[in-house]
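Single-structure report; data block below.
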Amino acid sequence: MCTKTIKAYGTKSAESDLEQLKINRRSVTAKDVEIDILFCGVCHSDLHFARNDWGMTQYPVVPGHEIVGRVTQVGSGAAKYKVGDLVAVGCLVDSCRTCNNCKDDLEQYCPQWVGTYGGYDKHLDSPTHGGYSETIVVDEDFVLSVPKNLDQAGIAPVLCAGITTWSPLRHWNVGKGSKVAVVGLGGLGHMALKLANALGADVTLFSRSPNKVQDGLDLGAHQVIISTDEAQMESVMNHFDLIIDTVPYAHDLNPYIGTLSTNGTLVVVGYLGPLDPMLVTVPMIMGRRAVAGSLIGGIAETQELLDFCGKHNITSDIEIIKMQDINVAYERMLKSDVHYRFVIDMKSLKK
């Protein structure tokens, strides 16, 4: 297959900084769309993958799965988009298309789903590379339409941070009158507050920091509970229908279980790994409470989210950076020094 060499930013090892690389993109096949990347969000998963925190990275790797850009070319059999359209690509660029999950628009749970980076490009017989690059070529079925009224940079993190919180909100049927809490105020948490509020829920933020109170209220929470304050925690016992836990590291879930109502669910979306300390099952059994997990969303659900954001004018709160500043951004992410997502202006790579 013919390829095109483009500029990208990636790393050749877990110990190395990200640097400018040359990568190959496949030529547009019949069902493909070529996209000139305008903005790419920076996700905590990018950092984890670049540093092989999950033990699965093949190098070199080019991260980035929060992509917004313009269509520059379409394949001969592609009919969904035309040159010049504003489009997006999230965490998925392919799946098997035939399993039950794919048939149910749950491609994120397909056993053969292909990540935007670190997946397998069947055309090139090589790993996929992500959005820290000039362009990307994606099957049209995994390309999304972006509402024209939304800020192009601000919508990028919706492709991961947004859909990661939207999917559980939809699965657990959150709507007007639902009592929803969000644990943690970062990239995921701030999107969860905005989306739950727009769905009509009664929204609470759990935070360990009193400094986050005003930010939480400004972002859509109706109240903020300081999780280290016993009196405040007691005031919301047996209260919530759904808790979305966005904290990206091991932490104690047990204090939150008792704040769920009977049949309530705490869903973990921010952390992959063993729990420490372990869950105490007594309040779960005594209240038929559940602890669950959730992974991004399928293509149809992600398009639903983008359309919802367009209707309610919802974007992420961002700080725009140059591609050349990505290593500094990674170090700042580790210190939670961003409100609330970094987004790369890809013009900086193309100069």
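The values are calculated or read from the model by the stated rules, or taken from the named source; none is laboratory data. Keep in mind that what you see is a predicted model, and the values were worked out from it rather than measured. Backbone-built Cβ (ideal geometry, glycine too); neighbour counts: all protein chains shown. Note: areas computed on protein heavy atoms with side chains; ligands, DNA, RNA excluded. Shrake-Rupley method; radii C 1.70, N 1.55, O 1.52, S 1.80 Å.
Compared with the dominant Cα axis of the chain, that is its longest principal axis, helix 187-198 is turned about 70°. For Ser16, the accessible surface of its heavy atoms amounts to roughly 50 Å² (probe 1.4 Å, protein chains only, rounded to the nearest 10).
When the Cα positions of Ile226, Ser16, Asn254 are compared along the charge dipole of the chain, Ser16 comes out farthest toward the positive end, with charges on each C-beta of Lys, Arg, Asp and Glu. Split the accessible area of the chain by element, probe 1.4 Å, and carbon with sulfur accounts for 50%. Taking 10 °C and 1.306 mPa s as conditions, the chain diffuses translationally at an estimated 77 µm²/s according to Stokes-Einstein applied to its Kirkwood radius (Cα pairs). When the trypsin sites (Lys or Arg not before Pro) in region 90-127 are filtered for DSSP coil states and for at most 16 other beta-carbon atoms within 10 Å of their beta-carbon, the remaining sites are Arg97, Lys122. If you count Lys pairs in region 51-187 whose Cα atoms are under 25 Å apart, skipping same-chain pairs closer than 8 places in sequence, the total is 6.
Using a cutoff of 8 angstrom between alpha carbon atoms and counting only pairs six or more residues apart, the relative contact order for the chain works out to 18 percent.
A cut-off under 10 angstrom between Cβ atoms defines the neighbours of Thr11, and their net charge, with Lys, Arg +1 and Asp, Glu -1, is -1.
With contacts taken as Cα pairs under 8 Å and at least 6 residues apart, region 195-351 reaches a relative contact order of 14 percent.
Beta bridges from DSSP with both residues in the chain: antiparallel share about 55 percent, rounded to the nearest 5. Accessible surface calculations at 1.4 Å, restricted to protein heavy atoms, place region 244-325 at 48 Å² per residue.
The share of C-alpha pairs in region 277-327 whose separation exceeds 13 Å stands at 77 percent. Under 5 Å between amide hydrogens, built in the peptide plane, is the criterion, and for Thr259 it picks out Asn238 among residues at least 5 positions away or on other chains.
Value of Rg to Rh for region 1-92, rounded to two decimals, is 1.01; Kirkwood radius and Rg both from alpha-carbon coordinates. Note on Thr228/Leu334: beta-carbon distance plugged into 1/(1 + (r/R0)^6) with R0 of 22 Å gives a FRET efficiency of 0.45. For a straight C-alpha distance cut-off of 18 angstrom, the lysines reachable from Lys7 (same-chain residues fewer than eight places away being disregarded) are Lys22, Lys322, Lys347, Lys350, Lys351. Computed from phi, the 3J(HN,Hα) profile of region 138-151 under the Karplus parametrisation 6.51, -1.76, 1.60 (θ = phi - 60°) reads 9, 4, 4, 5, 10, 9, 10, 8, 10, x, 5, 7, 8, 4 Hz, with x in place of Gly and Pro. Cα centroid distance between region 293-351 and region 110-166, in Å? Using only Cα atoms to place each centre, the spacing works out to 12 Å.
Among the chymotrypsin sites (Phe, Trp or Tyr not before Pro) in region 54-144, those placed in a DSSP loop whose Cβ has at most 14 other Cβ atoms within 10 Å are Trp54.
In terms of its alpha-carbon gyration tensor, region 175-284 comes out rounded; the largest-to-smallest axis ratio a/c stays below the 1.5 threshold.
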